[in-house]
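The values are calculated or read from the model by the stated rules, or taken from the named source; none is laboratory data. For clarity, every value in this text was computed on a predicted model and none was experimentally measured. In this analysis, Cβ positions are derived from the backbone assuming ideal geometry, glycine residues included, and neighbour counts consider all displayed protein chains. What goes into the accessible areas is simple: the full protein's heavy atoms, side chains included, and nothing from ligands, DNA or RNA. Shrake-Rupley method; radii C 1.70, N 1.55, O 1.52, S 1.80 Å.
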Amino acid sequence: MSVYIINGGQRLTGEADVQGAKNSALPILAATLLCRGKSEIHNCPELSDVDATVNILRHLGCEVERNGRTITVDSSQVSANEIPDELMREMRSSVIFLGAILARTGRVSLSTPGGCEIGLRPIDLHLDSMKKLGAEVSDEFGHICCESNKRLHGAKISLSFPSVGATENIMIAASTAEGVTTIVNAAREPEISDLADFLNSCGARISGAGEGTITIDGVEKLSGATHTVIPDRIAAATIMAAAAMTHGRVCLNKIIPAHLGPVIDVFEEAGCRINTFGRSILIEAPSRLKAIKTIRTMPYPGFPTDIQAPVVSMLSIAQGTSVVIETIFESRYKYIGELARMGAKIRVDGRMAVIEGVREFHGVPVITPDLRGGAALVLAGLAAKGQTVISQIKHIDRGYEKLEQTLRKLSADIKRVDVNE
Ligand code: UD1
């Protein structure tokens, strides 16, 4: 087991490159299953969630080669259509394989991903959509099976909520369905557009990705393609928060500033100076951050739920009282108890967190409850007086590529240490 040991109080300065987006890499890798040939995906972040995705592709019969951040998938041969329980448990997002396996083999069988640290996470929208595309769906005692003895067919699918994963599963499955599929109230996240770009370069005909209505004109088959994953806007915002909390001055490169619109507004309101130029963003923090009136997490282009925890950590040491409302996931405040141990004054009432800014955090041992909550604790550790020891950092490794190396490059005093369990 590894822990992070952080000696807080170092001002973050310098430049860093931002990793490729985890939430793009996973669906794109799943979609390679439909290509019946070789696809080469660049800028895949080196994360445990990506490792889990590669394990699933190999289990399904694909030949997968990894060369640093480039993953080559040859899906000429697919020999399985079920994902065993142990692989599903490695990564909740494995449900992203649903549409790809169904469209490729006519049948998919997997265990339900179930709830996780951040909420119940139902997949009803995914399953209803597969039904609309012509599959028979059974969902019994945690085991899901979708089957169709003929090619899937196009359909009009109106989502009651713009689910990212459901939109992706529909786009993938409908790419090779017969006829036209329309997704109404589709998710508009940049990762949706990235997946559409990949599928289109494989021969799919998808238009409207990034807008509320997506149209997929099904084609007979897809072929392999080369694609570069977009930068990770969540990782970028996390480093921005680290700079903001340490009175830092940091330039982040290899990002797309437009993807960070609502996040930049929040940092500016907190008193940071932000300059964007080309594919870079420069953040300069004030001597004391200011509170934010209200932040409400929303589907894109609203404020991302994945940046809620890092920003709550930041506002914990701002001057004044801030309010954050989490509208997407019901259990996304588990890290707050740990932040409180470090000195934060936060009152949680259902989905609302009221943050009364304190002068500083104090370093203590804390435990990572989930991926983004873990990032919030790292940020608090960087800003804290004294030493913070963070355990269960395997959660952080799911989404941040060698976070300690990026932060060390910016002068942070953080190290990963192996300890006996
Ligand atoms: C994706 C991201 C995750 C991000 C989330 C919201 C990946 C791998 N993960 O997760 O980092 O936090 O988008 O931006 O891309 N819901 C249902 N029924 C469904 C599906 C979803 O009720 O069938 C609900 C969920 O419980 C949740 C909300 O819809 O309350 C949003 O979920 P969704 O957009 O599907 O998130 P994910 O795709 O799981």
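Sorted largest first, the spans of the alpha carbon positions of the range 22-228 along the three principal axes are 40, 37, 33 Å.
Too long at a 21 Å Cα-Cα cut-off: which of K38/K402; K345/K385; K22/K345? Write down the numbers at each step before the final one.
On the way: K38/K402 28 Å; K345/K385 16 Å; K22/K345 32 Å.
Correct reply: K38/K402; K22/K345.
Of all alpha-carbon pairs in the chain, indicate the percentage at a distance above 38 angstrom. Tail of P(r) above 38 Å: 21 percent of Cα pairs. Shown here for the range 126-181: trypsin sites (Lys or Arg not before Pro) in loop regions (DSSP other than H, G, I, E, B) with at most 14 other Cβ atoms within 10 Å, namely K150. As I understand it, the value is the acute angle between the Cα axis of helix 233-245 and the longest principal axis of the Cα atoms of the chain; what does it come to in degrees, rounded to 10? It is inclined by approximately 0 degrees.
Helix-only estimate, please: 222 nm mean residue ellipticity of the chain, summing -39500 (n - 2.57) across DSSP H runs of length 4 or more and dividing by its residues, to the nearest 500.
Numbers: 14 runs with 129 residues, N = 421.
Helix contribution divided over all residues of the chain: -8500 deg cm²/dmol.
Taking the C-alpha atoms only, the angle from helix 22-31 to the longest principal axis of the chain is near 10 degrees. Most tightly packed first, judged by the mean number of other beta-carbon atoms within 10 Å of their residues, the peptides 3-12, 71-80 read 3-12, 71-80.
For the range 313-421, compute the orientation-averaged projected area of the C-alpha convex hull (one quarter of its surface), in nm². Mind showing how you got there, number by number?
Details: hull surface 28.7 nm².
Value for the range 313-421: 7.2 nm².
Taking Cα atoms only, the orientation of helix 164-175 departs from the longest principal axis of the chain by about 30 degrees.
Residue order by solvent-accessible surface for R104, R341 is R341, R104, largest first, with ligands and nucleic acids left out and a 1.4 Å probe. The residues of the chain expose on average 39 square angstrom of accessible surface per residue, using a 1.4 Å probe on protein heavy atoms.
What part of the accessible area of the chain, given as a whole %, is carbon or sulfur when the probe is 1.4 angstrom? Display every interim value, and only then the final one.
Details: 7500 of 16470 Å².
The computed percentage sits at 46.
With both labels modelled 7 Å from their Cα along Cα-to-Cβ, the R359 to K221 distance reads 7.0 nm.
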